[in-house]
Amino acid sequence: MTATKLKVGILGASGYTGAELVRLLVRHPGVEIALLTADRHAGKPLGDVFPHLARLVLPDLVKIDDADWSKLDFIFCCLPHATTQKVIAGLPETLKICDLSADFRLRDTAVYAATYGGEHQAPQLQKQAVYGLTEAYRDEVAGARLVANPGCYTTAAELPLMPLLEGGLVSHEGIIIDAKSGISGAGRAEKQGSLHTEVSEGIHAYAVGTHRHAPEIEQELAVAAGKPVTVTFTPHLMPMNRGILATIYVSLAAGADAEDLRVALAARYDPEPFVHVLPAGRSPATRDVRGSNHCLLGVFPDRVPGRAILLAAIDNLVKGASGQAIQNLNVMCGLPEVMGLEQEALFP
C-alpha cells in the first residue's frame, strides 16, 4: 500500500481531533486527505471553521450522507459516541477504520451500556474491534479492519501501568490515578464549563468517582495483570489548552523498589519511538510534549515505604487522540510507524 498514497477520510472534521488529524496528515507522505465531513458546516472549506488551516488545499466539508466512499482506503471517525457505531456499521467493508470515539473501546457490551447509558447498536462490530494502544497491541492492530483508539486519560494511565502489572512489580490493588487535562479535552461544543471565565485562574475536579474512562482503564489493566483490577480515578480540568499529566500511586510488590520500576519501564519502552522513560529524579511536564506524539514517564519513590509514584505526560490531542490514530493507521496499512509523526514538541 506504499506505492500510491492512501486516500483517507475524516468524519467529524470540525472538532479538535479532526483538525489535529488534518494538521498532522498534510505532512504525512503516505496519505492524501480525500474526504472531510461536518454536517453543520457542509459546503464550507475547512479554513472557514479553522482559520489556521485555511492555506491548505483540501476538499470542502460535506455531509456524511453525501460522502463518496468508493475511492477511499481509510476512515478516521471523530464523531461523538453513540453516533459513531451506527455510522461505522454502514460503511463499506473494504474500508479500514480508526474510531476516535468510545464506542468500540469496551469489549463487554454490558459494561458499555452501564458506562454510556445505552445499548450498543453494533455489537458484532464491537467484538471485531481491536483496542488501539499501539505499544501494547501492535500485532493485533496490524491485522485489524477496525481499531478503537484509546481515550486520552487511559493512554496516560495504561502506558506506565500495564508493563508493571504484567511483570508483577506492583500490586493490582489500591491503584490511584490523579490526572489533569487541558480544556481541549472537553471538545469544541459550546458549553458553560468550557468558557474562559469558568476555567481560567483555577483548577477543579470533575466526574469524581464516575468518569467514563475508568472502566476502560480497568479493562486494559486487568489484561496486563491477569486478574480484575479496580482503580480510583479522578480527572481535573486545568486552565491550559493542551496536555495531560497523570500522577499514579501504586503499592510495590515484595522486594521491589521504585528504581526497579523505572528500569523495567525503560527496558520495555527502549525500542519504542514515542514513549520515553526519564532518568531518576526527573519529572515529566506537559510543555515538553505539546504538539507531539511523545509520552514522557517518570518514577519516584514515595516517602511511605512500599509505595511508588508514577508520572506520565502526553498531549491529549496527539498521543491522546489524533497522533495515536495516525500511529495506528501506519501499523494497519504497513507504513513506517513514525511516518507523519516525527515533529518534536512545540516549546515554549
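No value in this document is a laboratory result; all are computed from the given coordinates. Note that the coordinates shown come from a computational prediction; the quantities given were computed from them, not determined experimentally. Here Cβ is always computed from backbone atoms with ideal geometry, including for glycine, and neighbour counts include all displayed protein chains.
Compared with the alpha-carbon gap, the fully stretched path from residue 7 to residue 44 is longer by 11.3 nm at 0.36 nm per residue. Once the Cα atoms are used to define both axes, helix 16-25 deviates from the longest principal axis of the chain by about 80 degrees. If the reach is capped at under 28 angstrom between alpha carbons, list the lysines near residue 71, excluding any in the same chain fewer than eight residues apart. Residue 71 reaches 5, 7, 44, 63, 86, 96, 127. Sorted largest first, the spans of the alpha carbon positions of the range 1-140 along the three principal axes are 46, 35, 27 Å. Listing 84, 115, 197 from fewest to most neighbouring C-beta atoms within 10 Å gives 197, 115, 84. Name the residue, out of 79, 106, 53, whose mean-square fluctuation peaks in a Gaussian network model built on the chain with Cα pairs under 10 Å. Largest GNM mean-square fluctuation: 53. Every helix of 4 or more DSSP H residues in the chain counts as -39500 (n - 2.57), and over all residues that averages to -8000 deg cm²/dmol at 222 nm.
Comparing mean-square fluctuations of 101, 283, 292 from a GNM of the chain with C-alpha springs under 10 Å, the top value falls on 283. Each of 319, 44 was scored by other Cβ atoms within 10 Å of its Cβ. Listed from fewest to most, they are 44, 319. In order along the range 306-321, phi translates into HN-Hα couplings of x, 10, 9, 10, 9, 10, 9, 10, 9, 8, 5, 8, 10, 4, x, 7 Hz, rounded to whole numbers, per the Karplus curve 6.51 cos²θ - 1.76 cosθ + 1.60 with θ = phi - 60° and x for Gly and Pro.
Relative to the current alpha-carbon distance between residue 32 and residue 259, full extension at 0.36 nm per residue lengthens the span by 77.2 nm. Between 290, 105, 40, where does the largest GNM mean-square fluctuation fall for the chain, given springs only between Cα atoms within less than 10 Å? The residue with the greatest mean-square fluctuation here is 40. Sequence-ordered 3J(HN,Hα) estimates for the range 79-94 from the Karplus curve with 6.51, -1.76 and 1.60 and θ = phi - 60° stand at 7, x, 4, 6, 6, 4, 4, 5, 5, 5, 4, x, 7, x, 5, 6 Hz, glycine and proline given as x.
With a Förster radius of 30 Å applied to the beta-carbon distance between residue 82 and residue 266, the computed FRET efficiency rounds to 0.15. Note on residue 227: aspartates and glutamates with a C-alpha under 19 Å away, same-chain residues under 8 apart excluded, are 108, 158, 166, 173, 216, 218. Does anything in the range 195-212 have its amide N under 20 Å from the 7 Å Cα→Cβ label point of residue 232, and if so which residues? It comes to 204-212, nothing else.
The calculated FRET efficiency for residue 66 paired with residue 192, based on their beta-carbon distance and R0 = 22 Å, is about 0.10.
Put a dot 7 Å past the Cα of residue 55, heading toward its Cβ, do the same for residue 111, and the two dots end up 4.6 nm apart.
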